[in-house]
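Student: Sharing a structure below in structure tokens format, with a few things to ask.
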Amino acid sequence: MNEFSEIPIYLWVVIICILLTQGCWIFWDASKRGENKWLWGLFGLLNAPSNLIIYLIVTRVILKPNPCKVCSKNIRKSYKYCPYCGEKVG
Amino acid sequence: MSYNHEKIQEKLMDVFYKEGELTKELKSHIDDCSECNSFWRDLNTIEENIPSFDLNIEVDERVIGGAFRKVGILKEKRKNIKDLALFATIASIILGCVGLLANMGYGKSIILVQIFLVIFAPLSIPFMIRQRLVKEES
């Protein structure tokens, strides 16, 4: 298919920049939240913006963050003690 | 500081900690050498002032634990920055290759893969949630 070679180069650059920015942002956000950053980062490179929406739904809505007040690691709401630092949270 | 001074000051340290004797040789050197004299006077000053220091310091292990945690957080942040730079490099290479393939005439295949991903990517959500819950359980 030769139509793709007719697409101007700047458009390719824009698409690549968008995907790269999305992938890097998801990577950084996942690393801050203690998620699997490499998996999420590669996931973010595949598609825009649907993969970003999926990431936000999974990390913000479905798996709501509940950080421990002492060590900031994400723990379940049902926990009475933090499994990482041992502080009482419940 | 010359090697001789270093040796003499080591011997003076031994005398300070009561592990050696203040010999005539050492005394005469202290009288003749200003550097070692100053060193010996400093040691004596420390010995005189030690009883007045408050050595009964309360150790709060939570403060120590908190300090270690902060160090851990800083180290993790630096590691994340390095990993991000590595990821950006790898991602640029991958996307560059994809762009090149599209330009070479494989664009139709890439579009098909994208359509597939758009349709089936949301189906991966339950697996990601399950992986996360398993990680929290372990």
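The values are calculated or read from the model by the stated rules, or taken from the named source; none is laboratory data. This is a predicted model, so every value here is computed, not measured. No Cβ is skipped: glycine too gets one built from the backbone with ideal geometry, and neighbour counts run over all protein chains shown.
Student: Suppose we filter B:41, B:78 for residues that are modelled with pLDDT of 90 or more and more than 30 Å from residue A:84 (Cβ to Cβ); which single one remains?
Tutor: After applying the criteria, what remains is B:41.
Student: Can I ask one more? Starting from the range B:1-13, keep only residues that are closer than 13 Å to residue B:39 by Cα, then list their pairs with residues that are surrounded by 17 or more Cβ atoms within 10 Å (Cβ to Cβ) and modelled with pLDDT under 85 whose Cβ atoms are within a distance under 6 Å, requiring at least 6 positions of separation or different chains.
Tutor: none
Student: Scan the range B:105-138 for residues that are surrounded by 12 or more Cβ atoms within 10 Å (Cβ to Cβ) and aromatic (Phe, Trp, Tyr) and report the count.
Tutor: 1
Student: Looking at the range A:11-26, I want the residues that are more than 8 Å from chain B (Cβ to nearest Cβ) and have a partner that is hydrophobic (A, V, I, L, M, F, W, C) and outside any helix (DSSP H, G or I) with Cβ atoms under 6 Å, at least 6 apart or on another chain. Which pairs are those?
Tutor: Cβ pairs passing all conditions: A:18/A:48; A:22/A:48.
Student: Being at pLDDT 90 or above and of a type in the set (Ser, Thr, Tyr) is the filter; apply it to the range B:81-109 and report the residue that is farthest from the chain's Cα centre (by Cα).
Tutor: Here the answer is B:92.
Student: Can you say whether residue B:62 is in contact with a Leu (Cβ under 7 Å, 6 or more places away or on another chain), of a type in the set (Lys, Arg) and either at pLDDT below 85 or closer than 21 Å to residue A:84 by Cα (or both), as far as the supplied structure shows?
Tutor: no
Student: Over 19 Å from residue A:11 (Cα atoms), without any contact (Cβ under 8 Å) to a residue 40 or more places away in the chain and surrounded by 13 or more Cβ atoms within 10 Å (Cβ to Cβ): does that describe residue B:102?
Tutor: Judged against the criteria, residue B:102 is not a match.
Student: Which condition number does residue A:69 fail, the rest of (1) modelled with pLDDT of 75 or more; (2) within 9 Å of another protein chain (Cβ to nearest Cβ); (3) not in a helix (DSSP H, G or I) being met?
Tutor: Here residue A:69 clears every test but (2).
Student: Which is buried (at least 16 other Cβ atoms within 10 Å of the Cβ) and at pLDDT below 75, of A:75, A:62, A:54?
Tutor: Residue meeting the stated conditions: A:75.
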